[in-house]
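Read the figures in this text as sums done on the coordinates, not as results from a lab. Everything quoted here is computed from the prediction, not taken from an experiment. Every residue, glycine as well, gets a Cβ built from its backbone with ideal geometry; the counts of neighbours run over all protein chains shown.
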Amino acid sequence: MVNTIWFLMIFVGILYGIFTGNLGEINNIILRETQEGVTFAISLIGIMSFWLGIMNIAEKSGLIKSISKGFRPIIRMLFPDIPKNHPAERWILMNFIANMFGVGNGATAFGLKAIKELDSLNTNKKRATNAMAMFLIINMSSLQLVPLTIVKLRYDYGSKNPTGIIGITILATFLSTFVAVIVGKILEGRKKC
């Protein structure tokens, strides 16, 4: 469905450019913006590599396991169906930490591993479990304390205070995640009709 929407948006834009005589400008924009997109993606490699490296070191050194013990009560409250010491706990925590530090793209790998582990507990493969749904709800709620991508963009475009958005980001993250968890728990408690 999303592919269809994107195709229609691009197709309508090209048709509009043809009818208004701006097709040349559309080509210029495509060339300029694709170059900027590639430059931006390459500039994020440093940040992503750093945080993924930190997460891998933390995981291999046992720090994630230690942190996991500290966060176990929260994980148990959010995901009561996950057995104690199941690998899904570790991947969920690594995903949450990477998201909190604004490395959303890097957190994707951890999220996929978490979903795979959660799926191993799923008896009905045609339906997501409550734990899978809660994990996705929390991820979609913008679980982020330090939005590194936005800070990088603000820095690149000459902001005098690129980190000035961190305070409001923490507030927005807290509110959106709190509401998401409450709604998720309410829906989790509903029985099938």
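The simple spin-label model puts a point 7 Å past each Cα toward its Cβ; for residue 63 and residue 140 those points are separated by 3.2 nm. Pick from 59, 33, 117: which is most flexible by mean-square fluctuation in a GNM of the chain where alpha carbon atoms under 10 Å apart are linked? Residue with maximal mean-square fluctuation among 59, 33, 117: 33. Listing 91, 51 from fewest to most neighbouring C-beta atoms within 10 Å gives 51, 91. Rounded to 0.05, the FRET efficiency of the residue 49 and residue 170 pair, given R0 = 25 Å and the Cβ-Cβ distance, is 0.50.
Only helical DSSP H runs with n ≥ 4 go in: add -39500 (n - 2.57) per run for the chain, normalise by residue count and round the 222 nm mean residue ellipticity to 500 deg cm²/dmol.
On the way: 8 runs with 149 residues, N = 193.
After summing the helix terms and dividing by residue count, I get -26500 deg cm²/dmol.
Strictly over 31 Å apart at the Cα level, which of 60/160; 60/116; 60/152; 160/185; 65/125 would you flag in this model?
As for pairs spanning more than 31 Å Cα to Cα, those are 60/160; 160/185.
Computed from Cα atoms alone, the Kirkwood hydrodynamic radius reported for the stretch 117-193 is 14.8 Å. Relative to the dominant Cα principal axis of the chain, helix 23-61 is inclined by about 20°. Comparing 95, 130, 28 in a Gaussian network model of the chain where C-alpha atoms under 10 Å apart are linked, the largest mean-square fluctuation is found at 28. Helix 130-140 and the longest principal axis of the C-alpha atoms of the chain enclose an angle of approximately 40°.
If r is the Cβ-Cβ distance from residue 25 to residue 157 and R0 is 25 Å, what FRET efficiency results, to the nearest 0.05?
So, using R0 = 25 Å, E works out to roughly 0.65.
Among 110, 71, 101, the ranking by other beta carbons within 10 Å of each residue's beta carbon, starting with the fewest, stands as 71, 101, 110.
Annotation for residue 125 and residue 72: the two label points, set 7 Å from Cα along the Cα-Cβ direction, are 3.2 nm apart. Using a ≥ b ≥ c from the Cα gyration tensor of the stretch 46-189 (square roots of the eigenvalues), is it rounded, prolate or oblate, where a/c under 1.5 gives rounded and otherwise the larger of a/b and b/c decides, a/b for prolate? Prolate, since a/c reaches 1.5 and a/b exceeds b/c.
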